[in-house]
Structure formats: structure tokens, C-alpha cells
Amino acid sequence: MAQDILDQIRLHGAVPAHIAIIMDGNGRWATERALPRPLGHRAGMKAVREVVEGAREAGIKVLTLFAFSQENWKRPPDEIQALMSLLEHYIAKELDELRRNGVRVSVLGEVDRLSPAARAAVDRIVAETSAGSQLALNLCISYGSRAEITRAAKILAEHVAAGRLAPEDIDEERLAQELHTAPWPDPDLLIRTSGELRLSNFLLWQLAYAELYITPVLWPDFGRRDLFEAILEFQRRDRRFGRVTV
Ligand code: IPE
Ligand code: IPE
Ligand code: MG
């Protein structure tokens, strides 16, 4: 279906190793159809399936999805409840397929705040996909980047206070080791759907040199073709990292 774009991607060469996505616009998608917001979130699940499959097809190694922010706890309780039951539903429905396809799921964020049922579902998918080696799928749930960096600073301070670490040994690499994303390289490409031009407290440290790709497409309408178009656009970018191109 999207084979033509996939062929173009292969011709262009390297794909991003790590793609991060702010999955935004579910509420507006529902409102446009005079539906309640939770139905927008439900429709967004299909897009998650699309990008996970598309990422595997394109040879992406790490896919990090922003599913629920710490600030999202401020939404009305019924919307939070709907999101949590969708999370449980997604895990129950997709677990076997993810495992079969070699996807290893990790969950990044303050999972202690989840309901016991959502927490159990999250622990289950992490445990049962731990042998996956094709694609690392990171779900950011109850995630906030400033909280993540603050937590890392606190861990380092505790090491210093206990005499295990010297302040002069703290560098960028050492701090990054205490972030939830420690096992993976920084994202090369950040995609945000629904046209919003902000980071919303997502991966502030890790996105330092990511290429940004903002699309007006609302998350439930985002498919693998859209993912492939973002990858193609990434391949056209000139990443300089502060240097000059020779
Ligand atoms: C993204 O869609 C999903 C979450 C933030 C949980 P939104 O719910 O933010 O949708 P809009 O931005 O209101 O359209
Ligand atoms: C960011 O979207 C969080 C997720 C996609 C999970 P929001 O819709 O919460 O962000 P703001 O409030 O528009 O910045
Ligand atoms: Mg939003």
C-alpha cells in the first residue's frame, strides 16, 4: 500500500534510529465529528498500531510514543478513566502480536500514579515482551520531562552525599544515564500531530538535536504513510550539530 514510499526511503539511505511522537489531536478529531472525546482516544489506537507496524517495516530501532503526560492528570476524571481503560484494552489486545513481532515494550514515567489495574497491565506487557529484539517501543505514560530530569539530579545528589560519586565526575553522559531513556540513543526525529508548535514537557533533554516534523494531521488519521513521509522529509534534512557543512 505504502510500498512506493518505503522504496524511496530505502533509496535515500539511512533512516532515523529513534523516532519520538507526540500523539496529539484525538479530542479535536472527536469534536469535529460531534463525538465525545474518549471516542477520539479510541480511534487513536489504530494509529498506534499503524506506526508500530510502519516503524518495523522501515527499519526503525526505537519508537517512543507520548501517550499521557503528567499534566494530563489535570483533565476531567472521566476522560482520565477512559484513557486508562483504553490503555488496558490496548495491552490486552496487542500483547500477543507485539511479542510475535519482536517488539520490546518499555513504559517511561511515574507509573506509581496509575490505577492498580492499569499498573498491572503495564507490568505485564513489559515483562512479556522483554525478549523482543526488532523494535524497542517506549510508551511514555504519566511522563513529564522536567520531573525526569529532577529525578536524575536527585539520584546523582544521593550518590554524591553517600560518597559514591565525585561532583567532578558528573557530566552530560552521567546525567543521561539516570534518565528513563538511558538504554537508547536520543531521538533523531520528533513528530507532533495536530499542528501544535510546542514540546509540552516531552523529552526536553533528549530532543536537543532532533529534527522536528509537525503535521496538521490529527492523531487518529495518522497512518504508516504519514510516518514514511516524515522519514523521507528527515532524510532530506541537513543535520549540522553546530558545525558547518563541507
Ligand atoms: C492526545 O489528544 C492524547 C492525549 C493527550 C492523552 P488530545 O486529547 O490532547 O486531543 P486534543 O489536543 O484535545 O485535540
Ligand atoms: C501532549 O499533548 C501530551 C500527549 C500527547 C500525551 P497535550 O494535548 O496534553 O498538550 P498541550 O496541553 O496541548 O500542550
Ligand atoms: Mg492535545
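Here are the numbers:
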read-out	value
Efficiency of FRET between VAL160 and VAL126 - r from beta-carbon atoms, R0 35 angstrom, step 0.05	0.70
Neighbour net charge for PRO216 - beta-carbon separation under 13 angstrom, K R +1, D E -1	-4
Global geometry of segment 105-245, whether rounded, prolate or oblate, following the gyration tensor of its Cα atoms and the 1.5 cut on a/c	oblate
Rounded to the nearest 20 debye, dipole of the chain from Cβ charges on Lys, Arg, Asp, Glu	300 debye
Shape category assigned to segment 163-246 from the gyration tensor of Cα positions, a/c cut at 1.5	prolate
Distance from segment 197-236 to segment 1-50 (C-alpha centre basis), Å	10 Å
Global form of segment 141-182, assessed from the alpha-carbon gyration tensor, a/c cut-off 1.5	prolate
Accessible surface of segment 63-198 [probe 1.4 Å, protein heavy atoms]: carbon and sulfur percent	50 percent
Hydrodynamic radius (Kirkwood) for segment 3-235, which is based on Cα pairs only, to one decimal in Å	18.5 Å
Among ILE231, SER200, ILE91 the positive-end extreme of the charge dipole of the chain (Cβ point charges)	ILE91
Relative contact order (%) - criterion: Cα under 8 Å, at least six apart; region: segment 3-235	31 percent
Solvent-accessible ranking of ASP238, ASP188, largest area first, probe 1.4 Å	ASP238, ASP188
Cα-based Kirkwood hydrodynamic radius, segment 40-154, one decimal, Å	14.7 Å
Summed side-chain charge close to GLU172 - residues other than GLU172 whose Cβ falls under 13 Å, Lys, Arg +1, Asp, Glu -1	-4
Zero-based 5 Å bins, Cα pair distances in segment 158-198, whole percents	5, 16, 18, 16, 14, 11, 7, 7, 5, 1
Solvent exposure of segment 130-173 as accessible area per residue, Å², 1.4 Å probe	57 Å²
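The values are calculated or read from the model by the stated rules, or taken from the named source; none is laboratory data. Everything numeric in this text was worked out from a predicted model, so none of it was measured. Using ideal geometry, Cβ is built from the backbone for each residue, glycine included, and neighbour counts are taken over all protein chains shown. Surface areas here come from the heavy atoms of the whole protein model, side chains and all, with no ligands, DNA or RNA. Shrake-Rupley method; radii C 1.70, N 1.55, O 1.52, S 1.80 Å.
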